[in-house]
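A short write-up of the structure that comes next.
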Amino acid sequence: MNITNLKQNIMKKILIAIASLIISGCSDYDNVGEEYNMLMVCNDVRVTSHQITTDVGVITTLDHFDVKPIGYCDWVSCARDYSYVDVRVAENKSTEDRECFVEVYNDRYNLRDTFLVHQSGVFVPSNGGNGGGSGGGSVTNTTKRRCAARTKKGTRCKRTAAKGSIYCWQHKK
């Protein structure tokens, strides 16, 4: 074997080694890239008792995600719209507030985030809404509203809201 052939063999081996490093380096880079995929919801939804449609922003590096209410929330419907979630909330005819968690997810990368849809109940004034007048009757139409705050355990406070507020005396800010 002459020196020229020896140099060529060494060069081939060096090129193969460099190509292997580049290829294995690229595959490691691809795996690292997957770790940095992101799916994050920007805000919760808090609405009055009226029917409403609103958008929730989603920050993502992905080109696809899905959305669904968690549990039985037939009063909330959601649809994906590029980097937003269109949230449609039906009218709340009850005096009770209601809440529904909505999940935004991508199963391929196992990414998930949630947002809360909170809808207030119908407000009933304590004077019955008649604005005064002769009255004449002894029946009073008073509605006690439950405090809207959350406890440390995540459950809703059981106290009655203070007059003119949605919070009880302890949670009033």
In a shell of Cβ-Cβ distance under 12 Å around Val47, excluding Val47 itself, what net charge do Lys and Arg (+1) and Asp and Glu (-1) give?
-> -1
Just order 115-125, 45-55 by mean Cβ neighbour count inside 10 Å, highest at the front, would you?
-> 115-125, 45-55
Between Ile70 and Arg108, the two model label points (7 Å from Cα along the beta-carbon direction) sit apart by a distance in nm of 2.4
Going by how many other Cβ atoms sit within 10 Å of their own, how do Trp169, Trp75 line up, fewest first?
-> Trp169, Trp75
Give the order of Cys157, Cys78 when sorted by the count of other beta carbons within 10 angstrom, beginning with the fewest.
-> Cys157, Cys78
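Just so you know, all these numbers are worked out from the coordinates, no wet-lab data involved. In this text, all values refer to a predicted model and were calculated from it rather than measured experimentally. Using ideal geometry, Cβ is built from the backbone for each residue, glycine included, and neighbour counts are taken over all protein chains shown.
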